[in-house]
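Rule-based calculations on the coordinates, nothing more; no lab input. Note that the structure is predicted; figures quoted are calculated from it, not measured. FYI the Cβ positions are ideal-geometry reconstructions off the backbone, even for glycines, and counts take in every protein chain you see.
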Amino acid sequence: MIKKVGIIHHPTRRKALDIVKSLHSEFEKAGVAIAYSIALEDWRSVNLQAFSSVDLVVSVGGDGTVIRVSHLILDANCRIPIWPIAAGEFNFMPDRVNPRDIHKAVSRLISGDYFLWNRPVMQVMNSTSNKKLFINDVVFVKDRPLDILDISVFIENEHIGSIKGDGLVIATSAGSTAYSLSAGGPIIDSNAPVYVLTALNPHHITIRPIVVSDEKTTNICIGDKPWHLLIDGLSDILYTKKACFDISRMEDVVLSYLHVTGFYSWVDNIREKFHWGSRYVESDNS
């Protein structure tokens, strides 16, 4: 039973602020305590004990807000489910709840009419640095525009090939609709236990994306030209010498996302975001 919640929202989007206002009203009516309600940029104002004392964290914003809130949960080392509510631009991850539907959504939440999606967390690590966790993707990309990175790729320590190009994206199934897709990667069912390796502008046109079981570890080594390691678009680490990394699924860490029944559908998201259901209508002047 949900008795206490925390709310973290996008700081400036009008829709997010309207939804937060409605959430306050509906939670109060339902007798649910709100431990904190803060803009994402103010999360440091909540101490760790208060942050982890809730039954549910409500994220109000777009995919970026959900990812940031997810990293806060990971950093706090607590296993609190996240209810993501859409108030952003792309909104692949959150429930699509309009301000006028907040009453219905909260009523269903309180009555237990929801499902939990337990999402695996991936890690990237090497021998000289602490492991970094990622939810959507990790990107290895060149620093200088005219450089070509040389990346050797191994799966379970078996050499599969080398990539010469701008870099490499390694995306989870849920992150497959982000940077990897823009680079020519496939759309993967967000529940599929896999991840994808997508090269960025490879020199050889025969280099194609590879989908790998998340039970397997990918090992990569990158040459000595300057390059960046990007984690979920949140952190940027510059390397100036050769380094090798292992990318694998965390065995004992998952993130739980709560979706209220009737407000989330991965299939609907794909159809609507990519306009697959749209018909082409010719102009009267053609």
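Taking all pairs of different Cα atoms in the range 122-251, averaging 1/r and flipping that mean, what Kirkwood radius in angstroms comes out?
Details: mean 1/r = 0.0694 Å⁻¹.
Hydrodynamic radius (Kirkwood, Cα only) of the range 122-251 equals 14.4 Å.
Pop the C-beta distance of residue 35 and residue 268 into the FRET formula with R0 = 41 Å and round what comes out to the nearest 0.05.
Once rounded, the FRET efficiency stands at 0.80.
Enumerate the amide H contacts of residue 173 below 5 Å, restricted to partners 5 or more residues apart or on another chain; note that Pro and chain-start residues carry no placed amide H.
Amide H neighbours of residue 173: 194.
Fewest Cβ neighbours within 10 Å first, please rank 276, 227 accordingly. Before the final figure, lay out the partial values.
On the way: 276 8, 227 25.
The fewest-first ordering by Cβ neighbours comes to 276, 227.
Can you grab the distance from the C-alpha centre of the range 167-220 to the C-alpha centre of the range 1-48, Å, no decimals?
35 Å
Regarding the chain, what are the three Cα extents along the principal axes, ordered largest first, in Å?
In descending order, the Cα extents are 63, 59, 32 Å.
If each residue of separation counts as 0.36 nm, what is the full-extension length gain between residue 241 and residue 182 once their alpha-carbon separation is subtracted?
18.5 nm
Rounded to the nearest 5, what % of the DSSP beta bridges within the chain are antiparallel ones?
75 percent
What's the magnitude of the charge dipole for the chain around its Cα centre, counting Lys and Arg as +1 and Asp and Glu as -1 at the beta-carbon? Answer in Debye, nearest 20.
The dipole magnitude comes to about 460 debye.
Can you show me the helix-derived [θ] at 222 nm for the chain, built from DSSP H runs with n ≥ 4 at -39,500 (n - 2.57) apiece and divided by the number of residues, rounded to the nearest 500.
-5500 deg cm²/dmol
As an exercise, use a Förster radius of 25 Å and the Cβ-Cβ distance of residue 75 and residue 103 to find the FRET efficiency, rounded to the nearest 0.05.
It comes to 0.15.
Given R₀ = 30 Å, FRET efficiency for residue 90-residue 213 by Cβ-Cβ distance, to 0.05?
Efficiency at R0 = 30 Å is approximately 0.65.
Scan around residue 9 for amide H atoms under 5 Å from its own, H built in the peptide plane at 1.01 Å from N, and keep only partners 5 or more places away or cross-chain.
Amide H neighbours of residue 9: 38, 39, 40, 60.
Per the Kirkwood treatment, what hydrodynamic radius in Å, one decimal, follows for the range 189-275 from the mean inverse distance over all distinct Cα pairs?
16.6 Å
Could you pull out every one of the aspartates and glutamates with an alpha carbon less than 18 Å from that of residue 273, ignoring same-chain neighbours closer than 8 positions?
The reachable aspartates and glutamates, counting only those whose Cα sits under 18 Å from residue 273, are 63, 89, 95, 189.
Of the listed pairs 104/131; 164/216; 216/241, which have alpha-carbon separations greater than 31 Å here?
On the way: 104/131 41 Å; 164/216 23 Å; 216/241 26 Å.
Over 31 Å apart, Cα to Cα: 104/131.
So for 74, 109, 200, fewest C-beta neighbours within 10 Å to most, what's the order?
Least crowded to most crowded, the residues run 74, 200, 109.
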